[in-house]
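To keep things clear, I will list the structure first and then write my remarks on it.
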């Protein structure tokens, strides 16, 4: 194979031109708040900071460059999509984001989701032409999320959802990349984990032994290097060694490589999807689900990265500003043949551990990745990269995503966590990942609401000394006509029906004339619970009974008053609570109950110790 040679002066001239194009961006970032906080009292300290950022940028680029290729392969895109995403995101995001150390670019989670979506798409070859629109939609959703400050909402996503999603996605990617490692052609009609697996088993007779040996050897070398030399860029070194070995192998081994020859013009995206307005609207409708899923993932990953790095540096997390920066970065990716950019925890942690001082380290990593892709395209080094090696490294990375400790915790902690984990994991294996993650999140929310929507209702009776005692099952009330029910817990919409049914069950006693609800510890009444309360009052009055409410605190009374329930129930039937004497409201409610039943047989005494 003849290698195209370029004069040395031409290389230096082109490199200088590339570096000069980032001068303005460097000046913008270097005047950021973070860099202004650096101690510059000593001579040469600013230069020292720039050197630290440049060194960190090189380390990050050595990881981001091969990872970008791998994640593009995972997503089913040309490998330069992952590299251009690493370049655009690393350079643009720091200008608009609020944190110093996070590095944006392609991630395994976003790549998994893109792959699974186009796996079931009618024509998966449209992925390249639809990518600019998809990334632009993700950017728009992220900008809206930043504007409405929704970053805080991601803390309500259960860890069981994320663990189950990553495990299912990793398993899906492993089985999909096995076709390159085994040297067999992937089944085009396979659209889920099981169909891919069965299709792969059916083609084991076409196994390419040389491809398999090179792939397995790459994985073994990768894990060996990770164990004995963690400081080195093991991913890049493993891919480099496999490419060198492949270049010396005879063509008879039939090891497939990346044959495409990239040129400068090929890095511009296909924008034909924007030319037909009517078709554009249809495509936006088709891509809305996966765009929302990707934006959700990006928000989640940026939140995890920002909080994780901030906990180590002491910086104040600026989540909404970081999400805004990711939105702007994704706009750049949309018009530079990029895939969706998200926060990478591994690259961000490497950036911090390498001594990065400011946002310039991210910009430097983008510059070095840009130089790398220029060299790769100019000298056609891409032709030496075997697909089996890159796929094997993708499998190696996917294997590290199985966090067995977290999986064990999720399974063992509670039944709800275990169900959420298995539902999310199973959904990831049989349906698109952008659907699976929302099914997992919905499962976690439903199980939580089911647990929270169980207010505790305990019936009490008056003791001989005037204190309230819990009425055990089978015990008789002091006054058969009066029931004191203590309500504790959430009374939002999810608990309203259960609350009403339990009170109606208590009211089925024909001797009962008055029910006193002690609601001192009841919380979060809403419209549904107020309506249920009014229906309960109507039901009791139709049976000749009355409902009294005691111990109502200010927030609950405010809801009752603003909704008109106070007027419906009756102002004289509601007794506000007292912090100094919690039982005084119940005493007053008991006196009111005596008036209703026309009896004073009940000795109304409430035991209260002022010192308590």
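Mind checking which pairs have a first residue in segment 268-286 that is more than 21 Å from residue 434 (Cα to Cα) and a second that is outside any helix (DSSP H, G or I) and at pLDDT below 85, Cβ under 9 Å, 6 or more apart or different chains?
Note: pairs meeting the criteria are 268/337; 269/337; 269/338; 270/337.
Kindly check whether there is at least one residue in segment 338-346 that is part of a helix (DSSP H, G or I), touching a helix residue (DSSP H, G or I) at 6+ places or on another chain (Cβ under 9 Å) and buried (at least 20 other Cβ atoms within 10 Å of the Cβ).
No, segment 338-346 has no match at all.
On the given criteria, is residue 128 in a helix (DSSP H, G or I), within 29 Å of residue 425 (Cβ to Cβ), in the same structural domain as residue 314 (by TED's automatic domain parsing) and in contact with a helix residue (DSSP H, G or I) (Cβ under 9 Å, 6 or more places away or on another chain)?
Judged against the criteria, residue 128 is not a match.
Give 64, 54 a once-over and let me know the one that is surrounded by fewer than 23 Cβ atoms within 10 Å (Cβ to Cβ) and in a helix (DSSP H, G or I).
54
Residues 240, 287, 232, 297: which one is more than 28 Å from the chain's Cα centre (by Cα) and part of a helix (DSSP H, G or I)?
After ruling out the rest, the residue left standing is 240.
In contact with a strand residue (DSSP E or B) (Cβ under 8 Å, 6 or more places away or on another chain), outside any loop (DSSP other than H, G, I, E, B) and at pLDDT 90 or above, is that true of residue 365?
When the stated conditions are applied, residue 365 passes them.
Given 168, 215, 164, which one is within 19 Å of residue 386 (Cβ to Cβ), assigned by TED's automatic domain parsing to the domain that holds residue 412 and surrounded by 21 or more Cβ atoms within 10 Å (Cβ to Cβ)? Let's see the steps before the verdict.
Details: 168 fails: within 19 Å of residue 386 (Cβ to Cβ); 164 fails: within 19 Å of residue 386 (Cβ to Cβ).
Just a single option satisfies the conditions, and that option is 215.
Tell me which residues, restricted to segment 418-439, are at pLDDT 90 or above, within 30 Å of residue 489 (Cα to Cα) and under 16 Å from the mean Cα position of the chain (by Cα).
Correct list: 420, 421, 424, 439.
For residue 414, are the conditions met, namely being surrounded by fewer than 16 Cβ atoms within 10 Å (Cβ to Cβ) and farther than 22 Å from residue 77 by Cβ?
Details: surrounded by fewer than 16 Cβ atoms within 10 Å (Cβ to Cβ): yes; farther than 22 Å from residue 77 by Cβ: yes.
Here the answer is yes, as residue 414 does meet what is asked.
If residue 226 satisfies every condition in (1) within 29 Å of the chain's Cα centre (by Cα); (2) closer than 30 Å to residue 128 by Cα; (3) at pLDDT below 90 but one, which is the exception?
If we test residue 226 against (1) within 29 Å of the chain's Cα centre (by Cα); (2) closer than 30 Å to residue 128 by Cα; (3) at pLDDT below 90, just (2) comes out false.
Just one of 238, 243, 252 is assigned by TED's automatic domain parsing to the domain that holds residue 181, farther than 15 Å from residue 397 by Cβ and surrounded by 11 or more Cβ atoms within 10 Å (Cβ to Cβ); which is it?
Result of the check over 238, 243, 252: 243.
For segment 380-423, how many residues meet the condition of being over 15 Å from residue 66 (Cα atoms) and not in a helix (DSSP H, G or I)?
Result for segment 380-423: 5.
Would a scan of segment 218-227 turn up a residue that is in contact with a strand residue (DSSP E or B) (Cβ under 9 Å, 6 or more places away or on another chain) and in the same structural domain as residue 135 (by TED's automatic domain parsing)? Steps first, answer last, please.
Keep residues of segment 218-227 that are in contact with a strand residue (DSSP E or B) (Cβ under 9 Å, 6 or more places away or on another chain), which gives 218.
If we keep only those that are in the same structural domain as residue 135 (by TED's automatic domain parsing) too, we end up with 218.
Within segment 218-227, one or more residues are in contact with a strand residue (DSSP E or B) (Cβ under 9 Å, 6 or more places away or on another chain) and in the same structural domain as residue 135 (by TED's automatic domain parsing).
Restricting attention to segment 50-65, does a residue exist that is modelled with pLDDT under 85 and under 32 Å from the mean Cα position of the chain (by Cα)?
No: segment 50-65 contains no residue that is modelled with pLDDT under 85 and under 32 Å from the mean Cα position of the chain (by Cα).
The values are calculated or read from the model by the stated rules, or taken from the named source; none is laboratory data. Because the structure is a prediction, the values reported are computed rather than measured. All Cβ positions, glycine included, derive from the backbone under ideal geometry; neighbour counts span all protein chains shown.
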